[in-house]
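One structure is given below, encoded as structure tokens.
The values are calculated or read from the model by the stated rules, or taken from the named source; none is laboratory data. Just so it is clear, the structure is predicted and the values come from calculations on it, not from any experiment. Cβ coordinates were reconstructed from backbone atoms using ideal geometry, including for glycine residues, and neighbour counts include every protein chain displayed.
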Amino acid sequence: MNPLIVESSAPVTLIAGGPVMRADLRLAQKHAPMVVAADGGADRALALGVRPAAVIGDFDSISAAAKAQLQGAQMLHLAEQETTDFDKALRSIRAPMVLALGVMGGRADHALAVLSGLVRHRANGGAPCVLLGPKDVVFAAPRHLRLRLPVGERLSLFPLAPVRGQSRGLRWPIDGLVLAPDGRIGTSNCTDARDVELTFDSDAMLVILPRKCLGAVLRAL
């Protein structure tokens, strides 16, 4: 088990090594003031004028200059290569929620690894984690989820393993369907009521919403 190096009673912002806009960081910090970096995310944070409270990873991406600037900061070097730096960071943080930046909009293989880690973290009982990207917010759904959203809002479901579910408030209900990554998926659905209720029989479902819905997602989780 990892030693926990970050404990916070408030949500935490996690910066990874992908593209991060200054506006995204400001938005995240409104909800999650403490910033933690996953490996090369330390360079991203410093370039945006933020000193991370901790850096977690195998340290194959963080620059020597960033290490020098972060002398005295909490640094957790986890050399194993079985998991990604995103995984390492999530399991080393104890907080009510993690808001992750720099994990979407970059390399496709990195993004897929993050989505896999997101679902695995949820299945293992980890705290909610929300990915904030240029256009979307993404999170692994709990078994039962209630959201309050505008009518006609885009709401996509993408399963990473076979999932059965029920819905209320979606234009195209999922009741009675088996959703799977190699079969029927649930992208490009939308709401037909303000109150949306979703129930799933496993922890393998991703929910994707427009980034303007971040506040609604954080309230729901």
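Could you run through region 155-177 and say how many residues are under 19 Å from Ala111 (Cβ atoms) and either modelled with pLDDT under 95 or surrounded by 15 or more Cβ atoms within 10 Å (Cβ to Cβ) (or both)?
Within region 155-177, residues that are under 19 Å from Ala111 (Cβ atoms) and either modelled with pLDDT under 95 or surrounded by 15 or more Cβ atoms within 10 Å (Cβ to Cβ) (or both) number 5.
I need the full set of residues from region 157-175 which are in a strand (DSSP E or B) and either in contact (Cβ under 8 Å) with a residue 60 or more places away in the chain or not basic (Lys, Arg) (or both), in order please.
Leu157, Phe158, Pro159, Val163, Gly165, Gln166, Ser167, Leu170, Asp175
Quick check: anything in region 131-139 without any contact (Cβ under 8 Å) to a residue 12 or more places away in the chain and part of a loop (DSSP other than H, G, I, E, B)?
For region 131-139, residues without any contact (Cβ under 8 Å) to a residue 12 or more places away in the chain and part of a loop (DSSP other than H, G, I, E, B): absent.
If you go through region 116-125 one residue at a time, do you hit one that is buried (at least 17 other Cβ atoms within 10 Å of the Cβ) and assigned to a loop (DSSP other than H, G, I, E, B)?
no
Of the residues Gly102, Gly57, Gly40, which single one is within 16 Å of the chain's Cα centre (by Cα) and not aliphatic (A, V, I, L, M)?
Every option except Gly102 fails the conditions.
Return yes when Arg148 is outside the structural domain of Ser167 (by TED's automatic domain parsing) and not polar (S, T, N, Q) and no when it is not.
Taking the combined requirement at face value, the residue does not satisfy it.
Looking only at region 178-202, how many residues end up being surrounded by 21 or more Cβ atoms within 10 Å (Cβ to Cβ) and in contact with a Lys or Arg (Cβ under 6 Å, 6 or more places away or on another chain)?
Count: 1.
Out of the residues in region 20-66 that are of a type in the set (S, T, N, Q) and more than 25 Å from Arg211 (Cβ to Cβ), which is surrounded by the most Cβ atoms within 10 Å (Cβ to Cβ)?
The extreme case among them is Ser61.
Within region 176-198, can one find any residue that is touching a Gly at 6+ places or on another chain (Cβ under 9 Å), under 28 Å from Ile93 (Cα atoms) and touching a residue at least 40 places away in the same chain (Cβ under 8 Å)?
Yes.
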